Amino acid sequence: MKIIPYGKQSISEQDIASVIEVLRSDYLTQGEAVPRFESDLRNYVGADYAIAVNSATSALHIACLAMGLGSGDELWTSPISFVASANCALYCGAKVDFVDIDPDTYNMCPDKLEDKIKSTGKIPKIVVPVHLTGQSCDMLKFRVLADKYGFFLLEDASHAIGASYLDGKVGSCQYSDAAVFSFHPVKIITTGEGGAITTNNPDLYNKIVLLRSHGITRDQNLMNHNDGPWYYEQLVLGYNYRLTDIQAALGSSQLHRLDDFVQKRHEIAAFYNKKLDSSFIKKPQQAQNQRSSFHLYAVQVENRGPIFTRLRESNIGVNVHYIPIYLQPYYKKIGFTKGYCMNAESYYQKTISLPIYPDLTNEQQLYVINQIHSICRQSLAVSVE
Ligand SMILES: *Cc1c(COP(=O)(O)O)cnc(C)c1O
């Protein structure tokens, strides 16, 4: 039996055709497909600007640089995220710190953020709330704190394209300075590898555009002078973080399917919610002011270790999202220790991500549900003896 992964891309004939079209065209990169994807993306989320890059990791890096993050500054994020949410601070020579999660939504807790500002007397330059599993953080509360204390809000929306918060799409940046998306194949839509930043701030937009491509410009308004039609200037130290047109064409095609993907993910989540036995499986709770993209369906179980192993033995590609970032050996070396964020650590002890993706069949889902029930019941029986 083939393994049922926890997440997987869905590629249609139309997706393939749009990639082939670029391959037959004159430009594989720096053509028209990237600006088209950017305009599709900003229209979809309802933001003024979108900048496509080659990964969410790159997006986080140059968004932080554009916000002026550097040595002597701090960036605070959630410990329950992928390491990239924190590494971006270190790329910029800044310090990173972690704010514990809310035990219901598993997102960074805004009250704990304010407590930390008060108890440490420190104000981070950037706070990175992560919309874990595709459920938006309570951005209104973060906005109030950002205004009160004066820090940038950079949403790590890697899980959350297609999600909504209050009456806007995640990425509209109504309550933040910028948002970052990932288009890795396991995320909601894909470009192979890829990412993007959305913002309503023209200054951040201009800086990010420069940083994406070597710090080089041909814009008359930005250049110091002009030697001729060949002329360009490097104004800052940038990178090559560009997305290719091949990838962008796939991105635009996938974006057309995004609402269907999210709808399908909701149907799968609803079926899990209905069928999973809550006497021994804690299901993910949903805040009322948002609509998740359901990138992940993460449950909490006692005795997670053996249950995880048995599920894998049953060819179910369950996963764990995430190991608290500060418990990684690299972060322990910088000085973080066990016990730092207790909610995050107890969440980590019990979490399992079950398969959820648009092409998951009802039959496969029933198999997952039956397996997890029988494995959990056996595990419970063993622990009672
Ligand atoms: C996937 C992911 C990233 C990194 O995305 P890449 O596109 O692979 O660089 C960052 N943050 C979170 C929360 C993610 O899930």
Checklist entry - Quick one: would you say Asn289 is more than 24 Å from the chain's Cα centre (by Cα) and not β-branched (Val, Ile, Thr)? => result no
Next on the checklist: Take the conditions surrounded by fewer than 20 Cβ atoms within 10 Å (Cβ to Cβ), among the aliphatic types (A, V, I, L, M) and either part of a loop (DSSP other than H, G, I, E, B) or more than 16 Å from the ligand (Cβ to nearest atom) (or both) and apply them to Leu258. Does it pass?
Outcome noted: yes
Checklist entry - Name the residues in region 325-371 that are among the aliphatic types (A, V, I, L, M) and open to solvent by less than 60 Å² (accessible area, probe 1.4 Å), would you? => result Ile325, Leu327, Ala344, Ile352, Leu354, Ile356, Leu360, Val368, Ile369
Checklist entry - Do the conditions hold for Val22, that is, is it away from the ligand (no atom under 16 Å from the Cβ) and open to solvent by 10 Å² or more (accessible area, probe 1.4 Å)? => result yes
Checklist entry - Restricting the first residue to region 180-197 and requiring it to be under 17 Å from Gly134 (Cα atoms) and more than 7 Å from the ligand (Cβ to nearest atom), which pairs with a second residue that is of a type in the set (A, V, I, L, M, F, W, C) and in a loop (DSSP other than H, G, I, E, B) meet a Cβ separation below 7 Å and a spacing of at least six or different chains? => result Val180/Ala157; Phe181/Ala157; Phe181/Ile161; Ile188/Ile161; Ile189/Ile161; Ile189/Phe183; Thr190/Phe183
Checklist entry - Which one is nearest to Ile161 (Cα to Cα) among residues in region 301-331 that are polar (S, T, N, Q) and over 21 Å from the mean Cα position of the chain (by Cα)? => result Asn315
Checklist outcome for this item: Per the list (1) within 9 Å of the ligand (Cβ to nearest atom); (2) farther than 17 Å from Ala196 by Cα, residue check on Gly70 breaks on (1)
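The values are calculated or read from the model by the stated rules, or taken from the named source; none is laboratory data. Owing to the predicted nature of the structure, the values given are computational and were not obtained by experimental measurement. A quick note on method: Cβ atoms are made from the backbone with ideal geometry, for glycine too, and the neighbour counts reach across all protein chains shown. Only protein heavy atoms, including side chains, enter the accessible area calculation; ligands, DNA and RNA are left aside. Shrake-Rupley method; radii C 1.70, N 1.55, O 1.52, S 1.80 Å.
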